[in-house]
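The structure appears below as structure tokens.
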Amino acid sequence: MGTTGPTIEDRSTPQTATPAVELIDITKTFPGVVANDRISLAAMPGEVLCLLGENGAGKSTLMSILSGIYRPDEGRILVDGRPVNIDSPRHGRDLGIGMVYQHLSLIPTLTVLENLMMGSNPGLSLDRDGARTRLGELSERLGVTVDPDARAGSLALGQQQQVEIIKALWSGSRVLILDEPTSMLTPQGIAELQDVLRGLKRSGLAIIFITHKLHEAVAIGDRVAILKQGKVVGRLDPADLAAMTPDEIQARIVAAMFGSSAATDVADIAELRPTSGVTATARDLSSKPLLEVVDVSADAAGGEHALADINLEVRGGEILGVAGVDGSGQRTLAEVIAGQSRHVTGSIRLGGVTIDGLSIAERQALGLRYVTDDRLGEGVVSSYPLSLNLVLKRIGQPPFWRGGRVDRAQIRRSAVESIRLFDIRTPSTETRIGKLSGGNIQKALLARELSFEPRVVVFNKPTHGLDVRTIVAVRERIRALAEEGVAIVVISNDLDELVDLSDRVAVLDAGRITGVVPAGPEAEVRIGELIVGVAPAQAVG
Amino acid sequence: MTSPLTSPEAVVDVAPPTTRGAGLGDALVRSLGPIVLALITCGALLAIVGRDPVAFYSDILQAGLVRPSGLQDSITRMAPILLVAAGMIVAFRAGMWNLGSDGQYLLAAACVAGTAPNVLAAVPAPLGWLVLGLVGMAVGASWTLVPAWLRARYGLNEIVTTLMMSFVGTGLANLLIKGPFDGPSTVPQTAVVDPSLLLFDLPGTRIHIGVIVALIAVAAVYWVFSRTSFGMRIDVLGANARAAQHVGIRVSRLIIVTFLLSGALMGLAAAVDMLGIFGYMRADWNPAYGLKVVPLVFLARLNALAVIPFAAFFSVLSIGGEYAARRAQLPSDFLLLVIGLVLTFMVVTQYLTDKRDRGEPILPRRRAGMARA
Amino acid sequence: MPDLFTSGFLTALVVGGLVAGVPLLFAGLGEIIAEASGVLNVGLEGMMLAGAFIGFVATLLTQNVWFGLGAGAVAGLLLSLVMVLFCIRLGLDQIVVGVAIVLTVEGATAVLHATLYGESYPRLDAAPRFAIPFLSDLPVLGGSLFTQPVIVYLGFILVGVVAWVLRNTSVGLHLRAAGEQPASLDAAGVDVVRIRSVAEMVCGALAGLGGAYLAIVGAGTFVPFVTNGMGFIAIVIAMLARGRAWWSVIGAFLFGMSLSLTTALQLVGIDVPVDVVQMLPFVSVIVVLVIFARDARLPSALGLPYLRGSR
């Protein structure tokens, strides 16, 4: 991505001997899972410590322990060399630990000022003037401007994050923890964030930066600690980082994360790198578009932008990526195609036939499928067994229901088959689906959506939050589907993924398509430019 | 206003039809535990207000179960209880808190009782019963329309709307009885149906066939939820409304259909009561089954067949309780106290057994889990 | 056609509405606070009823209205502790516990009333009134409007206080945050459980106070089920108020007016059946809900328990 790494000078900032915060042998278990296993870490003032690891490696648990949400089962925490027991978020804050969460924690209906005063107002009566002054100081320190009286929900995501950082620093923090702070930002926003962090670092703050993106860790970290399955499996100190080239650093991190012996894993990782659409162009695309979206507009929903004049077409065997910052209207687009939301103007056609008036179920029957990104919220009924979830979109239809009556044996047989075909790891067909891992739930959703002759499939963030192996499996499945002649739309905020999978990538910005970029070596850069709006709109391909 | 509130299905763990919960012992603890605890607590309260709890409870048993006429009354009382419970189960399983059954019941009862004398005079009794049953169901169903529409169209919380409609329905029923349906008697009440035209009794008993109707209705509701795609759609709606929409269920339509069905069962309960026992309705009469049935359907885990024993318990309690309360010079509202405590102990038992199932300590940890140095 | 705009009619309507609405003013205000913090207090009806009974008993015993009102508030507060323990601390279902509270209190007060006063049916003396100087001398409505028991004035002052607290204090801010996004409030270092507990206890006390007023000042006696759904109306008012304390005044006044309309109409010779009177408030609420369905909005975390670190 278009991020600039810090220079060597930034890495050699002066440091004192005592870590601002130090974790010693922290262990935390949940029923059945060891989330943190004897983890030791130290964050020095004036340095960025990067915590790198996959989803489920234990990063978030560790941070929840540091911020006082969880308490460790074992281990010690030292702040400025003194042992502490952080027993509540307030205590964490009083100790000077400021936290910026991955999912922004501002309350959208309150103003910026109210969000900042929450939990930090000195007395009973709200000190609005004092808060305004403090906001001014901190905005200046960060080099940003924020309207104190704006509702938090009305700010752009990048600005909301700036408010979050201000909130974390509000009562004089010495340690700033950022949990996956770049996941919702544009490349430009990421660059801005790096500027802010560089300034804060110089002022002597210790920063802990949590990420699952390798290049971010290399670019931003003065120290890097690699977490895997709850353990620290590798460390890079400033000296290490200074001595190695970026490629050497990456190789070491990959070895630590995936084990040098496990050659297949590394191959998997190699596959995750952009392949510049080589596979895509090799496919034979049918000439007629299977899915056409013509001049579609839709009202804003769920905090997203309204859709305006969307035009897209996808041919059989083609994968169309949709890129954009979260909230640009991706979910509305997916729901409008699936029939879950209604569009106001325009028309949607499936195989040349307009489907505007058709219900969700009727669209499904025509072969239109939607793999939702909100797997637990709307994808599955988590208290239902896997087998029933697999037929949830076919309630009342043969062979599972005949004359309105259920055939349980048939449902179970079909579940056994899906488990085999889609490699779902589950104790039984009757296990509650909510008890399965995210990866297996996604596989179950794929099994449900991709059975019974799909013609057009819309994937919304198909690999979000999954482990590497499942990511690889899901992407292979999507490619195989395209090979079979299915028209595919992949919506994602992961540019690498889009460039890897898609034949073309449409960029959605504030509810409009600002351009469509064909796959190719320069695709990633051009998509990035379109997202931040620096390039002129491209002709729709 | 979207409705973020919990669905009734979240209150009890409604296990999907293909999985079985823990063993029988566990089920007994969960269902009988609250009842036993409530009876003990009420016994203590009786003692405090200077009544003999043992005598009180033995009066209940005597009058509601042991005495043949009492037993027959108790079985007869099960008819409306079962139908109201079935109506609640239908709504609750769809995630809809239909708490307005009193209004639905009373309005249907007033319409059935008000028209019954004329209808039964005009047509043969069985046909008349059928027509009046349908009248009751239609009136009960219609009284859910406003809450159903507000919920389906605007997501407006149905708890308050069904309750509001219930109070309006109660008043309207009284107005009807004092107005158009007022009978010849000096007190405000409808004209009385000739006893020979009321529902048949089972041979050799005073138990009318409405009980059979109720049992059939309950069995049908059970069958719908365990076997049919219609029941499955309602269940999915109750378990996860967003998933229901996602998988292509027409949510708004299903909400309205479910409410109508629920209200119709309440109305049928009224028709069965009017045609089976009373034959007329007096103004301001209100058995207020509504909220009292809520604990029963939760104890039965929203399972229509499992509600039968709880309905039997409740019927004995209410028939016997009326006698026992009279003897102890207490109001029959004592029953409310018992049933309220049953519900209270039910949530507590539920909480404790769930905790135990998850392997957690029974009491919440407040200051435990400190880091060991 | 009788003349509707006589001073007698107006006085009966406005003053009657005001006085009849006061119990709802307190209960609605309490529910606004509870709902703002994310607690749906379905048991409100039960808390009012408990306040009415205990308040009545205490007044009867002490012959002091203030003791009675205080005892009613305490009764409501004690009941709210059930909600605090079961729903806020343990995360049990708020609706079911609320229904349980209503049923239990209805049963308990009916039984206790029958046991204690089943034969005597005692009544209380009229509560002392206080005429506000100058205002009570105003023509037409002044005399009756500004000669009321002191608790009525206190109720209106309390609305202003609550409105100010919700808007201008940290407690108010935290309350609103607890109802919208409790996890954020927790992350900001504020104890969500504690904030919600306080809100629920205040709600319980106010509901108890409203109930006590109903029995002591309004009716002068206690009869079983005296609240007759008023608690549920307060819940609707709170839903429409969306955290705006002043709405409790509007709601209470409209409710009181629909009750006092009968008396007023009777004064001018129109007889209205009692059933219509009892229905009218509920009909107006339904009509309001149908008209404003689009605007009624609940705090996004209403009715959902917040348990830190649950996963």
Filtering the stretch A:215-238 for residues that are not in a strand (DSSP E or B) and not charged (D, E, K, R) leaves a count of 9
In the stretch A:369-383, what residues are more than 7 Å from chain B (Cβ to nearest Cβ), crowded, with 20+ Cβ neighbours inside 10 Å and of a type in the set (A, V, I, L, M)?
-> A:Val371
When residues of the stretch A:417-431 are limited to those that are among the aliphatic types (A, V, I, L, M) and part of a helix (DSSP H, G or I), the one farthest from A:Val472 (Cα to Cα) | A:Ile419
Residue satisfying all of: in the stretch C:229-271; polar (S, T, N, Q) and in contact with an Asp or Glu (Cβ under 9 Å, 6 or more places away or on another chain); farthest from the other protein chains (Cβ to nearest Cβ) among these | C:Ser248
Check whether at least one residue in the stretch A:394-401 is outside any helix (DSSP H, G or I), farther than 16 Å from A:Glu449 by Cβ, more than 28 Å from the chain's Cα centre (by Cα) and more than 10 Å from chain B (Cβ to nearest Cβ), and report yes or no.
-> yes
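Yes or no, residue by residue, for (1) surrounded by 15 or more Cβ atoms within 10 Å (Cβ to Cβ); (2) within 25 Å of the chain's Cα centre (by Cα):
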residue	(1), (2)
C:Ala75	yes, yes
C:Ile101	yes, yes
C:Ala126	no, yes
C:Arg129	no, yes
C:Leu138	no, no
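Residues checked against (1) closer than 13 Å to A:Ala506 by Cα; (2) in contact with a Lys or Arg (Cβ under 7 Å, 6 or more places away or on another chain):
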{"residue": "A:Glu292", "(1), (2)": "no, yes"}
{"residue": "A:Ala301", "(1), (2)": "no, no"}
{"residue": "A:Asn311", "(1), (2)": "yes, no"}
{"residue": "A:Gly324", "(1), (2)": "yes, no"}
{"residue": "A:Ser328", "(1), (2)": "yes, no"}
{"residue": "A:Arg331", "(1), (2)": "no, no"}
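One line per residue, one yes/no per condition, for (1) of a type in the set (A, V, I, L, M, F, W, C); (2) assigned to a strand (DSSP E or B); (3) within 13 Å of A:Leu197 (Cα to Cα):
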| residue | (1), (2), (3) |
| --- | --- |
| A:Asp149 | no, no, no |
| A:Gly153 | no, no, no |
| A:Gln161 | no, no, yes |
| A:Ile165 | yes, no, yes |
| A:Ser173 | no, no, no |
| A:Ile177 | yes, yes, yes |
More than 11 Å from chain B (Cβ to nearest Cβ) and within 19 Å of B:Gly231 (Cα to Cα), is that true of A:Gln410?
-> yes
Cβ-Cβ below 6 Å, separation at least six or inter-chain, first residue in the stretch B:132-143 and within 9 Å of B:Leu260 (Cβ to Cβ), second modelled with pLDDT of 95 or more and surrounded by fewer than 23 Cβ atoms within 10 Å (Cβ to Cβ): which pairs?
-> B:Ala141/B:Leu260
What is the number of the single condition among (1) farther than 20 Å from C:Val190 by Cα; (2) at pLDDT below 85; (3) surrounded by fewer than 17 Cβ atoms within 10 Å (Cβ to Cβ); (4) not hydroxyl-bearing (Ser, Thr, Tyr) that A:Asp129 does not meet?
-> (2)
Would you check if there is a residue in the stretch C:68-81 being farther than 30 Å from C:Arg176 by Cα, away from chain B (no Cβ under 14 Å) and in a helix (DSSP H, G or I)?
-> yes
Restricting the stretch A:349-368 to residues that are in a strand (DSSP E or B) and out of contact with any Ser or Thr (no Cβ under 9 Å at 6 or more places or on another chain), which is nearest to the other protein chains (Cβ to nearest Cβ)?
-> A:Leu368
Conditions (1) more than 10 Å from every other protein chain (Cβ to nearest Cβ); (2) closer than 20 Å to A:Gly404 by Cβ; (3) over 17 Å from the mean Cα position of the chain (by Cα); (4) buried (at least 20 other Cβ atoms within 10 Å of the Cβ); number of the one not met by B:Val221 | (3)
Name the residue, out of A:Ala255, A:Ala239, A:Ala206, that is crowded, with 17+ Cβ neighbours inside 10 Å, of a type in the set (Gly, Ala, Ser) and over 21 Å from the mean Cα position of the chain (by Cα).
-> A:Ala206
Residues of the stretch A:116-131 satisfying the condition of being within 20 Å of A:Val146 (Cα to Cα) and more than 8 Å from every other protein chain (Cβ to nearest Cβ) | A:Leu116, A:Asp127, A:Arg128, A:Asp129, A:Gly130, A:Ala131
Just a yes or no: is a residue in the stretch A:82-103 among the aliphatic types (A, V, I, L, M), at the interface with chain C (Cβ under 9 Å from one of its Cβ atoms) and surrounded by fewer than 18 Cβ atoms within 10 Å (Cβ to Cβ)?
-> no
Filter the stretch A:482-501 for residues that are of a type in the set (Gly, Ala, Ser) and over 22 Å from A:Glu180 (Cβ atoms); which is surrounded by the fewest Cβ atoms within 10 Å (Cβ to Cβ)?
-> A:Gly485
Listing of helices (runs of 4 or more DSSP H) fully contained in the stretch C:111-213 that carry 3 or more residues being within 14 Å of chain A (Cβ to nearest Cβ) | C:150-168, C:170-180, C:182-187, C:192-213
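The values are calculated or read from the model by the stated rules, or taken from the named source; none is laboratory data. Because the structure is predicted, anything quoted here is derived from the model rather than measured. As a convention, Cβ positions derive from the backbone with ideal geometry for all residues, glycine included, and neighbour counts pool all protein chains shown.
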